[in-house]
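Q: I have a structure I would like to understand better, so I am pasting it below and will then ask my questions one at a time.
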Amino acid sequence: MRMETAAAAAVVAAVTAFTAAVYAGETERMKRADLERGRYLVRIAGCNDCHTPGYMATGGKVDEKLWLTGDTLGWRGPWGTTYAPNLRRYVASIGEEAWVERTLKGQARPPMPWFNLHAMTEDDIRATYRYTRALGPAGGPAPAHLPPGQEPPQPYFTLVASPPPRAEKVSVER
């Protein structure tokens, strides 16, 4: 009887170990897929355009180790001058739930298209968080927002709203 119990225990242990190994492998594959999804979203959603120094100027030819480290290029308009923050430092300072909440409900100064983030799925938002977090903190903080009327240091873009087009007079002949 003891041998049967020992054999049964050995079978249970083997099945448990096998199941754990399969689960661990599947979890690792899911994690890799999630990080790749986050990387893909960061690229196609334009995050790097502003949050990675030199990304736009080089047509995206910036080493991934510099991605999302913020930029000193200012965006000046009626709201003052804004700078794209270092997202890698930011995600290192907050949890995933806070990132999801802020991404889905937050608003930011121009030119940040925060309204586009509101259209993302929660899974996509989580994937971008996990990818950015996996990059690890790097770089320094971006410059702070400057109020309207304060001259920013170079470089910066000045964004000027064009007046709305004038309506043409339409004459109706009778």
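Q: Cβ-Cβ under 9 Å, sequence separation 6+ or interchain: first residue in segment 47-63 and without any contact (Cβ under 8 Å) to a residue 60 or more places away in the chain and within 25 Å of R109 (Cβ to Cβ), partner assigned to a loop (DSSP other than H, G, I, E, B) and of a type in the set (D, E). Which pairs?
A: Every condition considered, the pairs that remain are H51/D71; T52/D71; P53/D71; G54/D71; Y55/D71.
Q: Let me ask another. When you look at P141, is it in contact (Cβ under 8 Å) with a residue 12 or more places away in the chain and either closer than 13 Å to W75 by Cα or in contact with a Cys (Cβ under 8 Å, 6 or more places away or on another chain) (or both), yes or no?
A: On the way: in contact (Cβ under 8 Å) with a residue 12 or more places away in the chain: yes; either closer than 13 Å to W75 by Cα or in contact with a Cys (Cβ under 8 Å, 6 or more places away or on another chain) (or both): no.
Taking the combined requirement at face value, the residue does not satisfy it.
Q: From (1) exposed (fewer than 10 other Cβ atoms within 10 Å of the Cβ); (2) at pLDDT below 65; (3) hydrophobic (A, V, I, L, M, F, W, C), pick out the condition that doesn't hold for I44.
A: Of everything listed in (1) exposed (fewer than 10 other Cβ atoms within 10 Å of the Cβ); (2) at pLDDT below 65; (3) hydrophobic (A, V, I, L, M, F, W, C), I44 misses just condition (2).
Q: Output the residues belonging to segment 111-133 that are of a type outside the set (V, I, T) and surrounded by 14 or more Cβ atoms within 10 Å (Cβ to Cβ). Steps first, answer last, please.
A: Of segment 111-133, the ones of a type outside the set (V, I, T) are 111-120, 122-124, 126-127, 129-131, 133.
Hits for segment 111-133 are P111, M112, W114, L117, M120, D124, R126, A127, Y129, R130, Y131, R133.
Q: Scanning for something touching a strand residue (DSSP E or B) at 6+ places or on another chain (Cβ under 6 Å) and on the phi > 0 side of the Ramachandran plot, does segment 79-88 turn up at least one residue?
A: Taking every residue of segment 79-88 in turn, at least one turns out to be touching a strand residue (DSSP E or B) at 6+ places or on another chain (Cβ under 6 Å) and on the phi > 0 side of the Ramachandran plot.
Q: I'd like to know if segment 77-90 contains one or more residues that are surrounded by fewer than 16 Cβ atoms within 10 Å (Cβ to Cβ), modelled with pLDDT of 95 or more and either among the polar types (S, T, N, Q) or under 20 Å from M120 (Cβ atoms) (or both).
A: no
The values are calculated or read from the model by the stated rules, or taken from the named source; none is laboratory data. Remember, predicted model here, so these are calculated numbers, not experimental data. Heads up, the Cβs are rebuilt from the backbone with ideal geometry, glycines too, and the neighbour counts pull from every protein chain shown.
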